[in-house]
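The values are calculated or read from the model by the stated rules, or taken from the named source; none is laboratory data. None of the values given here were measured: they were computed from a predicted structure. All Cβ positions, even for glycine, are placed from backbone atoms using ideal geometry, and neighbour counts span all protein chains on display. All accessible areas refer to the heavy atoms of the entire protein, side chains included, with ligands and DNA or RNA removed. Shrake-Rupley method; radii C 1.70, N 1.55, O 1.52, S 1.80 Å.
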Amino acid sequence: MNEIQSVKTNIGDWLARRALLTPDREAYVDGLTLERVSFAELNNRSCKLANAFLADGIKKEERVGLLLENCAEFMESYFALAKIGAVVVPLNWRLVADELEFILKDSGTTRLIFGTTFLPVVEDLYSRGEKTLVRQWIQLGEATTAAHFAEEYEGLREQGQEVEPNLDVGNDDLLYIMYTSGTTGLPKGVVHTHNTVAWAIFTFMATLNVREDDRYFSPMPMFHVGALSPLTLMVYKGVTSVVMHSFDPIHAWRLIELERATFGLLVPAMLNFMLTVGDVRQFNFSSLRFLLTGAAPVPDALLEAYDELGVPLVICYGLTESCGPASVMDERNILRKIGSAGRPFFHTDLRVVRPDGTECAVNESGEVLVRGHHIMLRYWNRPEATEETIVDGWLHTGDIARKDDEGFIYIHDRKKDMIISGGENVYPAEIENLLQEHPEILESAVIGQPSEKWGESPLAIVVRNSADLQEADVLNFLQTKIARYKLPYGVVFVESIPRNPSGKILKWALREQFPGPAPI
C-alpha cells in the first residue's frame, strides 16, 4: 500500500486513507456496465494519473477541465488533481460550444479531459484556437474515434507511477471552480477549497444518517455540486456509490433493486419520472431507507406518493456557493411541515433578515443568509459579485423565506427570478440577452411556468417589430445558442412588457398574466 504523505486537509489524500482502511470494498459501481472498482483500485489509478500530470509539468492551481459523463474516470481525475493541488473545472456537458468557450477562457483552463461522446463540440472548441487557453486535450474512449489533436487518457495515466505524490498542498488551496449560470447572462465560477469541501462533508456526516454499510445511488451528473459533494462524502465514509451514466426512470428502479441501494439523491423531476413507469411495486426497493431530494420545489403530492411507498423523502436546501448544505427537512417532520425546507445543517448557521440586515420576526419574510466553513471562497474573477454575496462571513442567497416558531424555513421566491427546470438552473437574463440580439425583437422577458413534467418550464414573452416574426423563428434562433434544457417551450407576443418607474421588468405581473401551467 502506498504511504500516505499529506499532513494538510487534502481531499485526494482522503481517498488514500480510505483505500488503506478498506482497500477491497467497492468504491464505485458503474450503473451501465456494472464495472466495479475497489477503493484500492480507484486510489491506485488516481495516483498514476496524478504522477503522469506531474511528469508533464502541471503546476499548482493549474486549471483542468472535465467534460465527461458520469464514469469512474471522472472520480479518479477529481481525486488525482486534488492530490497534486491542481484545480478541477467540472463542465456541464449540456452546454453548447459558445458557452463552454466562455467558461474555459474565464477559468484559464489549460488542459481538458473529455469523453468521445463530446468529440464534435471539442473539435469545434479546438478549431477556435486562442479563444481558449487549452493546450493539452486528453480523450477518454475508443482509439478508433480519437481526435488527431488529443492524447489518449489511459495511455497518459499508465505513464504515471503508482505511489502517493509527496506534495504539501491542501487546506485553503483551491480544489475546484464550478460554474453556475449568471443572472446577467454570464456564468460565475464558484471557488471551493479543500477546507470548504471538507467542512461540507463534515456537516453532511453530522446531520444525515449515513452508515458504513450503505450503498449510495447517484443518478445526478457529476458536474453538479449535488453529485460531487455526496460522492466525496461516500469516499470519506467508505460507502459504495452506484452511479448512473444518465438518468432513466426504469433503469433507476432496476439498479436500486439489483445493487440493493439504501439511499440516494434525486431532483424532484427524477422522482416524478420514477412514478410514471407503471406499477412501481413491480420492483423490489425494500433496501431503500430514504431518498434525498432538492434543487427545486417538492410538490406535496410527491411527498405523499413516496410516503405511501414506504420511502421517506429528505428535503435538502442548498447552493453551489455553500458546497451543498444550507437546510434539511428530516423524514420525521416532512409531512407535519409540508412545504418547509427544514432547519440548518449541523455546522451551518442560517438567518432570515430584512433589507437592513435585522432579524425577521417569526413568519416574516426576508432574505436567507447562510454561514459556515463550507461556503465558497469567492467567485472566480468577480470581486464585486463576491463582495455583494459574502458580507461579514454571511452568504446572501437572494432567496426569500420565512421562519416559523420552531425554526423551520419556508422558501417563497427564488434568487433573481431563477427558473429550475428538471433540477437545472435556468436564468431568464441569459435567454433575454440572446433574444435582444434578434433584429426583429424589440424587447423580451422570460418567466417560468409550472410544469407537471419538469417542475418549471421557461416561456419567452416578446415584443416584436415585425408581424412576420413567428414563434418558430424565435425558437430556431435560440436553438444553437444555448443548451436544450434552457430553451423556452414556447413564445407569446405582446404589445408591451410591464416595467416599474426605474425600468425594471415586473416579472410578477407577467407571471400573473401568464400563470400557466406549461403544456410540457
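Among Val391, Pro230, Leu156, whose Cα sits farthest toward the positive end of the charge dipole of the chain (+1 at Cβ of Lys/Arg, -1 at Cβ of Asp/Glu, about the Cα centre)? Looking along the dipole axis, the top candidate is Val391. Please identify which residues in the stretch 315-341 have an amide N closer than 18 Å to a label point set 7 Å out from the Cα of Asn363, following the Cα→Cβ vector. It comes to 336-341, nothing else.
Taking a ≥ b ≥ c as the square roots of the eigenvalues of the alpha-carbon gyration tensor, the stretch 1-92 is classed oblate because a/c is 1.5 or more while a/b is no larger than b/c. Each of the peptides 251-263, 417-429 was scored by the mean count of other Cβ atoms within 10 Å over its residues; in descending order, highest first, they stand as 417-429, 251-263. Divide the volume of the convex hull around the Cα atoms of the stretch 338-431 by the residue count and you get 129 Å³ per residue. Placing +1 on the Cβ of every Lys and Arg and -1 on the Cβ of every Asp and Glu, with nothing else charged, gives the chain a dipole about its Cα centre of roughly 580 debye. By its C-alpha gyration tensor, with a ≥ b ≥ c as the square roots of the eigenvalues, how is the stretch 391-520 shaped: rounded for a/c under 1.5, else prolate for a/b larger than b/c, else oblate? Prolate.
Computed over all pairs of different Cα atoms, the Kirkwood value for the hydrodynamic radius of the chain is 24.0 Å. Close amide H contacts of Ala86 (hydrogens built in the peptide plane, cut-off under 5 Å, sequence separation of 5 or more or a different chain): Glu61.
Quick one: check the C-alpha center-to-center distance for the stretch 69-96 versus the stretch 210-267, whole angstrom. When both Cα centres are located, 17 Å separates them. Relative to the Cα centre, the charge distribution of the stretch 160-296, modelled as +1 at Lys and Arg Cβ and -1 at Asp and Glu Cβ, gives a dipole magnitude of about 540 debye.
With a Cα cut-off of under 27 Å and a minimum spacing of 8 residues unless on different chains, the lysine pairs in the stretch 384-520 number 20.
Which shape class, rounded, prolate or oblate, goes with the stretch 120-233 when its Cα gyration tensor gives a ≥ b ≥ c as root eigenvalues, a/c under 1.5 marks rounded, and past that a/b bigger than b/c marks prolate? Prolate is the answer for the stretch 120-233, as a/c is 1.5 or above and a/b outweighs b/c. Share of pairwise Cα-Cα distances greater than 19 Å in the stretch 74-133 is 30 percent (whole percent). Remark: the stretch 262-345 projects, on average over all directions, an area of 5.4 nm² (convex hull of Cα atoms).
Under the simplified labelling scheme, the Leu442-Leu34 pair shows an inter-label distance of 6.3 nm, with each label point 7 Å from Cα along Cα→Cβ.
Positive-end ranking of Leu266, Val88, Cys316 along the dipole of the chain, with charges on Cβ about the Cα centre, is headed by Cys316.
Could you tell me the calculated FRET efficiency between Lys481 and Glu123, based on Cβ-Cβ distance and R0 = 22 angstrom, to the nearest 0.05? For Lys481 and Glu123, the calculated efficiency is 0.70. Accessible surface for the chain, divided over its residues, is 41 Å² per residue with a 1.4 Å probe. Taking packing as the residue-averaged number of other Cβ atoms within 10 angstrom, the listed peptides 34-46, 301-313, 69-81 run from highest to lowest as 69-81, 34-46, 301-313. Descending by average beta-carbon neighbour count within 10 Å, the peptides 356-366, 89-99 line up as 89-99, 356-366, the highest first.
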